[in-house]
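The values are calculated or read from the model by the stated rules, or taken from the named source; none is laboratory data. None of the values given here were measured: they were computed from a predicted structure. Cβ placement follows ideal geometry from the backbone for every residue including glycine, while neighbour counts extend to all protein chains displayed. What goes into the accessible areas is simple: the full protein's heavy atoms, side chains included, and nothing from ligands, DNA or RNA. Shrake-Rupley method; radii C 1.70, N 1.55, O 1.52, S 1.80 Å.
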Amino acid sequence: MAEEIATTTGIAAHGAARLPSVDIDSFNIELKDEEGFVGDRASKGAFRKIFDRWRKPLKKSGEDPFGDEPSEKLSKKELDDMLVGDDTEASAVVHSAIEEFAQELAYVTRRFLKTKSWAKTERIVVGGGFRDSRLGELAIARTDIILKDEEFKVDLVPIRFHPDDAGLIGALHLAPSWIFEAYDSILAVDIGGTNIRCGVVETRWKKAQDLSKAEVWKSELWRHADDEPTREGAVKRLVKMLKDLIVSAEAEGFKLAPFIGIACPGVIKEDGSIEKGAQNLPGNWESSKFNLPASLIEAIPQIGEHDTAVVMHNDGVAQGLSEVPFMQDVTHWGVLTIGTGLGNARFTNRRNGKDKDEKKAKEKDDKDEKKAKKNKE
């Protein structure tokens, strides 16, 4: 128990199912079919395989407009340029890949919607690096049309913030509300299989208390996949990045909260350990002897004059949380993040969502009452 208190610092449990604004109905679900994990059919890698397959007919005829460049090496910008370029065959290849990928994403989305924890989902936001491209936006829009044609009552929309910022901004929603009254910024960390990104996130709470105006003031990126560090080396580098950001924020005059919000792949347990899903991170992050929040508190015991608090949650959850201010017109909503894998989380709004359910129930009661009165007459 003492260990739990030390790692959460009295703020909140890591990987919590109940947050200030939402209940998290599920996250990091691993659905399977006869081909393996369902999410693998709608990842960045899956799109590249589909795209490469559509290139093959042109490769055979020696007329491949993309030359000898391997499909996985072509940048999203190059593919976006091909979409609107003068080379109609190149454009057709990209469009064909988008269409096939949208069919796969629709299949995956259907599978999620049929699970108990995703029942009654009204809207799904799609994030991750794939969304940050024109081809990604087209794939999302096409998937939305496919689902609507099949009469699924759900809207599929791209995540509002830039995917690089969404995970950091989402960390604000892991923090207790008193932080926003006393401080104007927090430290946030977004850990991925390729990169670790740290940032100072401005709450801009005075402009919008729902945090809809929040933005990343400054961030640092480290492609750890290029360096292949040990787990301890990765933590050491992360600590240095955070300390540099603290110095920068203080020099700029920010009132930095004694709080670090972390987005991390995998199933995050209440004590800050990782149960599973961290296989792409450097070293063994699922070891019972490793606890990232505790390591950070030990390395950065104070921010300003106060003890440091750390809260860690799943990276898909964190990206989804950035959308909380814009989801107040629905009750149940989810997030899918298309990256190395497919992140997922489903949310139920607690405050406005509850009000909405109560309003619907009251309207139904009123309607039934009027109908009964009419029948009586």
| request: Restrict the check to the range 161-177 and report whether at least one residue is in contact (Cβ under 8 Å) with a residue 40 or more places away in the chain, open to solvent by 10 Å² or more (accessible area, probe 1.4 Å) and under 20 Å from Asp329 (Cα atoms). | output: yes
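Results for (1) in contact with a Ser or Thr (Cβ under 6 Å, 6 or more places away or on another chain); (2) surrounded by fewer than 17 Cβ atoms within 10 Å (Cβ to Cβ); (3) under 22 Å from Pro325 (Cβ atoms), shown as yes or no for each residue.
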residue	(1), (2), (3)
Glu99	no, yes, no
Glu104	no, no, no
Val108	no, no, no
Thr115	no, yes, no
Lys120	no, yes, yes
Leu135	no, no, no
Ala139	no, no, no
| Hey, any hits in the range 27-43 for a residue that's open to solvent by 60 Å² or more (accessible area, probe 1.4 Å) and part of a helix (DSSP H, G or I)? | yes
| Does at least one position in the range 83-95 carry a residue that is without any contact (Cβ under 8 Å) to a residue 40 or more places away in the chain, surrounded by 19 or more Cβ atoms within 10 Å (Cβ to Cβ) and farther than 30 Å from His173 by Cβ? | yes
| note | Those strands (runs of 3 or more DSSP E) completely within the range 242-350 that have 1 or more residues that are more than 19 Å from the chain's Cα centre (by Cα) and surrounded by 21 or more Cβ atoms within 10 Å (Cβ to Cβ) are 256-264, 309-314
| field | Test result for Glu137, modelled with pLDDT of 95 or more and out of contact with any helix residue (DSSP H, G or I) (no Cβ under 6 Å at 6 or more places or on another chain) | value | yes
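Here is a yes/no grid of residues against (1) farther than 24 Å from Asp40 by Cα; (2) part of a helix (DSSP H, G or I); (3) over 26 Å from the mean Cα position of the chain (by Cα):
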{"position": "Asp64", "(1), (2), (3)": "yes, no, yes"}
{"position": "Gly67", "(1), (2), (3)": "yes, no, yes"}
{"position": "Ala92", "(1), (2), (3)": "yes, yes, yes"}
{"position": "Gln103", "(1), (2), (3)": "no, yes, no"}
| field | Sole residue being crowded, with 17+ Cβ neighbours inside 10 Å, over 23 Å from Thr331 (Cα atoms), out of contact with any strand residue (DSSP E or B) (no Cβ under 6 Å at 6 or more places or on another chain) and polar (S, T, N, Q), chosen from Thr194, Thr203 | value | Thr203
